[in-house]
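The values are calculated or read from the model by the stated rules, or taken from the named source; none is laboratory data. None of the values given here were measured: they were computed from a predicted structure. Cβ placement follows ideal geometry from the backbone for every residue including glycine, while neighbour counts extend to all protein chains displayed.
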Amino acid sequence: MTRSATGPAGRIAGHLGSAAAVLLGAATLAFLALQLIPGDPVSVLLGPSNSGSPEVRAEIAREYGFDRPVADQYLHYLGRLLQGDLGQSYQLQRPVRSLLADQLWPTMQLALAALVLAVVLAVVSAVATAGRRPGFRAVASVWELISASTPSYWVGIVLLTVFSFRFHVFPVAGAEGFASLVLPAVTLALPLTGVLAQVLREGLEAALEQPFVITARSRGVGLTAVRLRHALRHCAVPLLTLTGWLTGSLIGGAVLVETVFGRPGIGSLVLQAVSAKDMPVVIGVVLLSAFVFVVISTVVELLYPVIDPRLRSA
Amino acid sequence: MRPTLSRLGRTLAVGVSGLLLLSACSSGGDTTAKAGSSKPVAGGTLTTAVDTEPVSWDIHASTQDVTAEIQRGVFDSLVSQDSDGTFHPWLATKWEVAPDFKSYTFHLRDDVTFTDGAKFDASVVKANFDHIVAKETKSLYAANLLGPYTGTEVIDPQTVKVTFSKAFAPFLQAASTTYLGFYSPKALAAGAGKLAAGGPADVGSGPFVFSGYTKGQSATLTRNPDYAWAPKTATHTGAAYLDKVVIRFLPTASVRAGALTSGQVQVAKAIPPQNVTALKAAPGLELISRANPGGNYNLWLNGSLAPLDDVRVRKAIQRGIDVEQDVKTVTFGQYPRAWSPISPTTPNYDKSLEGSWPYDPKLSARLLDEAGWTGKDAQGYRTKGGKRLTVEWPQLSIQATREGRDVLGQAVQADLKKIGVEVKRPNLDIGTYNTQVYGGKANIIDLSWPRFDPDVLWLFFNSGSAPAKGGINATFLTDASFDAWTDQGRATLDEKTRADVYPKVQQRGIDLAVVIPLYTQVSLVGQSDEVRGLTFNASNWLTYYDAWLVQK
């Protein structure tokens, strides 16, 4: 096996460069969006049914620099971002960074639980049914289709109705311990499971038709072992790509799930911020999401060669 | 998020919650015996589900009811107002009001301490009031409540004098609200950001301590064991009965209702009207419905802008809306239709307005004929000189669905189409909305403004409350009678004068057809029958001080 001179270090450096470009792009778009919102920014900040006294308005304008030219505001904004300062929430009177930091962990817990659950369910469902009897396969396929296409808002309410309100198995809301994580994680995982299982089954079935399967079988390897050791590895790369992409989308899914279940987290924060037009928080969440996407895609790319030896040579 | 999808989700959610309530009813059977439980017992945790989470917890800055309601347990006020409007001692044992209503002298209790150990005295009153008006506080409401405040004078540790540049009679009412409650000196020093963030930094002298807050989830209040200065309006003295009050933020209505029927919360606020019937039928649950005091949900007609600068056109619109039927349908019969701009639970409500301006489309047609809108175009709308009779009533996208107001708006549109008036409802974001509406460019504005004092009429009708000056007078008219009466009412506490001027204001508002009251907002609160002593104060907020739980 030959390795290029730059090796993994060079690859990582390249990734970091493009990651920085993505973040700068996201920051710029967020700033532009802020400029394009119609209306006087001070009015926007004050919220509805509230015109505020001239003193209050002047204080807000001064504090947030609305009197400076736009280019000036942009540079000032980038400078602040570089120092890790995401600004101050107008409505909550708190630094955005500390707000995000406080709300990040509950969302991470939820997203990780949902991700693990989704991958396990998808692998079990696909490995068990790929290339098996058509009836069996059809049932699995239908449930995956349903779970991928049902709105999670509705799934959440149905789960609550059955398992919390009717049978009192799980608490209705909050983030207190494992029991309160089960229903939200299932709600968030279901659509993911459906998509992953469908893709994985297709990949498995293609792999199972390859000549190497017959070779392996002729050497006496069992059917399940072929599926798990050989075929699964073949379709793991597209699965990984898709999982990475879907993980990023979990932040969006968390908005609905956290609202229904009354859970703290980035999702409920962004909902409140969007409805109250709390732009610094909205921008903070946009940047955080961009950052999460960049991290995930980097991790996914670094994992490719681990899974597929053919990708190791540069 | 596509709006159609979320609306579908909502519809489904309502359906599912209906099923759930039915199943909860049929599975009942654990009704607790009520006998022998009339004597309050201490202990236990009460969990309440509310629909909104405070944006800011700072009582001196926030405009939100939910902030004031929850923080009522943590902060005390100078005086307390009962539901008849009478004032009683609280942190002030007695007070003198200057005859010209320009100054108030309060004599304070000497045994009050904050939960951080600091003593409550005259200097604390001064520090708090000065903090409210300081521009760094960015107060959006408390500063308005202080009106023409000029300063507070510490006469001795137990006596303060609060002064105003003009006569300001509503001050006692303002002083009784949470918004003018008192932070401990140390809490004030912590700065506005800390106060707004909530939690243990918010130190008061109330029956509860704000012990914990998880954003997006819940707030926790714990009993203050040393509390011994309850107002006369409470039913007991000493410490609160409950060990703990947990307030959970559950924005989804069906989830709130489900949490209540399954016993995971004991109290749920803002029960949706469509769930009321099922909830009333459920064993072990009670529903309390109380009309909110203050401004009703009203339509305000901009009298300074054509075509509504003609009183006949305004009158035609007022009588051309079938308020009774529209409100009944949209609110499932839970909210009463309104006859006056203020609700029946507000002092000096004018009962004689009831039934005085019924639905009368024939009268509307006659009035529009008189006003010269005699033509008709292809769509059936009236015209004058080739111009269609169109009014613009903007809606704010984020608030549109509150209490079904979007649907009610459609009903109003349909009614007015019948008399040939076109109502346009552009959907605006906050920035554009504020510029348009407060700039007087809209014909109709809808607004509800709860407050337990007829002085709210000053905000609605006095020219001093013009939107250009930061007020909410959406009639955009300067009317000498309105100004004189509302100024008179504001400048006195004399019941006879107030009972004379305030009904006249309401009457004139209807006569000039600058206002079309639609409905009175009602607090719909569901509670488990193990909860006792939960009371509403004059502003219709839940107070937890007298509440206790039946021990099972």
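Tabulated values for the structure
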{"item": "Any hit, segment B:295-309, residues being modelled with pLDDT of 90 or more, within 16 Å of residue B:510 (Cα to Cα) and surrounded by fewer than 20 Cβ atoms within 10 Å (Cβ to Cβ)", "result": "yes"}
{"item": "Conditions (1) surrounded by 15 or more Cβ atoms within 10 Å (Cβ to Cβ); (2) assigned to a helix (DSSP H, G or I); (3) among the aliphatic types (A, V, I, L, M); number of the one not met by residue A:172", "result": "(2)"}
{"item": "Failed item in (1) in contact with a helix residue (DSSP H, G or I) (Cβ under 6 Å, 6 or more places away or on another chain); (2) farther than 30 Å from residue B:375 by Cα; (3) of a type in the set (A, V, I, L, M, F, W, C), with residue B:480 passing the rest", "result": "(1)"}
{"item": "Residue B:437 more than 10 Å from chain A (Cβ to nearest Cβ) and buried (at least 21 other Cβ atoms within 10 Å of the Cβ)", "result": "no"}
{"item": "Options A:178, A:170, A:212, A:163; residue that is out of contact with any Gly (no Cβ under 9 Å at 6 or more places or on another chain), aromatic (Phe, Trp, Tyr), away from every other protein chain (no Cβ under 14 Å) and in contact (Cβ under 8 Å) with a residue 12 or more places away in the chain", "result": "A:212"}
{"item": "Scope segment B:446-466; condition among the small types (Gly, Ala, Ser) and at pLDDT 90 or above; matching residues", "result": "B:463"}
{"item": "Candidates B:413, B:379, filtered to the one that is modelled with pLDDT of 90 or more and closer than 20 Å to residue B:519 by Cα", "result": "B:413"}
{"item": "Qualifying residue in segment B:473-482 (condition: at pLDDT below 90 and under 20 Å from residue B:351 (Cα atoms))", "result": "no"}
{"item": "Condition check for residue A:219: more than 28 Å from residue A:251 (Cβ to Cβ), in contact with a helix residue (DSSP H, G or I) (Cβ under 6 Å, 6 or more places away or on another chain), surrounded by fewer than 20 Cβ atoms within 10 Å (Cβ to Cβ) and at pLDDT below 85", "result": "no"}
{"item": "Residue among A:193, A:129 that is among the hydroxyl-bearing types (Ser, Thr, Tyr) and over 22 Å from residue A:253 (Cβ atoms)", "result": "A:129"}
{"item": "Any hit, segment A:10-32, residues being assigned to a helix (DSSP H, G or I) and modelled with pLDDT under 70", "result": "no"}
{"item": "Residue match in segment A:80-89 (condition: within 12 Å of chain B (Cβ to nearest Cβ) and modelled with pLDDT under 80)", "result": "yes"}
{"item": "Matching residues, segment A:270-314, being over 22 Å from residue A:28 (Cα atoms) and in contact with a Leu (Cβ under 8 Å, 6 or more places away or on another chain)", "result": "A:300, A:303, A:304, A:305, A:307"}
{"item": "Subset of segment B:248-258 that is assigned to a helix (DSSP H, G or I) and within 10 Å of chain A (Cβ to nearest Cβ) - its residue that is modelled with the lowest pLDDT", "result": "B:254"}
{"item": "Selection status of residue A:231, within 14 Å of another protein chain (Cβ to nearest Cβ) and in contact with a helix residue (DSSP H, G or I) (Cβ under 9 Å, 6 or more places away or on another chain)", "result": "no"}
{"item": "Single match in A:197, A:206, A:126 (criterion: free of Cβ contacts under 8 Å to residues at least 60 places away in the same chain and farther than 21 Å from residue A:267 by Cβ)", "result": "A:206"}
{"item": "Close pairs (7 angstrom Cβ cut-off, 6 or more residues apart or separate chains): crowded, with 19+ Cβ neighbours inside 10 Å in segment B:330-345, among the charged types (D, E, K, R) and part of a loop (DSSP other than H, G, I, E, B) anywhere", "result": "B:339/B:354; B:340/B:350"}
{"item": "Of residues in segment B:214-247 being in a strand (DSSP E or B) and surrounded by fewer than 23 Cβ atoms within 10 Å (Cβ to Cβ), the one farthest from the other protein chains (Cβ to nearest Cβ)", "result": "B:223"}
{"item": "Filter result for the condition that a residue is under 30 Å from residue A:250 (Cα atoms) and either at pLDDT 90 or above or crowded, with 17+ Cβ neighbours inside 10 Å (or both), over B:66, B:16", "result": "B:16"}
{"item": "Test for residue A:223: is it without any contact (Cβ under 8 Å) to a residue 60 or more places away in the chain and within 11 Å of chain B (Cβ to nearest Cβ)", "result": "no"}
{"item": "Single match in B:442, B:491, B:468, B:474 (criterion: more than 14 Å from chain A (Cβ to nearest Cβ) and out of contact with any Ser or Thr (no Cβ under 6 Å at 6 or more places or on another chain))", "result": "B:491"}
{"item": "Pair list, Cβ < 7 Å and 6+ apart or interchain, from segment B:273-288 residues that are within 19 Å of residue B:335 (Cα to Cα) to residues that are small (Gly, Ala, Ser) and part of a helix (DSSP H, G or I)", "result": "B:275/B:17; B:275/B:257; B:278/B:18; B:279/B:257"}
{"item": "Any hit, segment A:264-275, residues being touching a Pro at 6+ places or on another chain (Cβ under 6 Å) and within 14 Å of chain B (Cβ to nearest Cβ)", "result": "yes"}
{"item": "Residue B:435 vs. criteria among the β-branched types (Val, Ile, Thr) and in contact (Cβ under 8 Å) with a residue 12 or more places away in the chain", "result": "no"}
{"item": "Helices (runs of 4 or more DSSP H) wholly inside segment B:259-360 that include at least 3 residues being under 22 Å from the mean Cα position of the chain (by Cα)", "result": "B:323-330"}
{"item": "Residue match in segment B:192-213 (condition: within 14 Å of another protein chain (Cβ to nearest Cβ), within 15 Å of residue B:73 (Cβ to Cβ) and at pLDDT 95 or above)", "result": "no"}
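Let's see how each residue does on (1) closer than 18 Å to residue B:191 by Cα; (2) out of contact with any Gly (no Cβ under 6 Å at 6 or more places or on another chain); (3) surrounded by 19 or more Cβ atoms within 10 Å (Cβ to Cβ); (4) in contact (Cβ under 8 Å) with a residue 12 or more places away in the chain:
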site	(1), (2), (3), (4)
B:70	no, yes, yes, yes
B:79	no, yes, yes, yes
B:82	no, yes, no, yes
B:106	no, yes, yes, yes
B:118	yes, yes, no, yes
B:122	no, yes, yes, yes
B:125	yes, yes, yes, yes
B:134	yes, yes, no, no
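For (1) within 14 Å of chain A (Cβ to nearest Cβ); (2) crowded, with 17+ Cβ neighbours inside 10 Å; (3) part of a loop (DSSP other than H, G, I, E, B); (4) not aliphatic (A, V, I, L, M), each residue gets a yes or a no:
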residue: B:378; (1), (2), (3), (4): no, no, yes, no
residue: B:410; (1), (2), (3), (4): no, no, no, yes
residue: B:417; (1), (2), (3), (4): no, no, no, yes
residue: B:452; (1), (2), (3), (4): no, yes, yes, yes
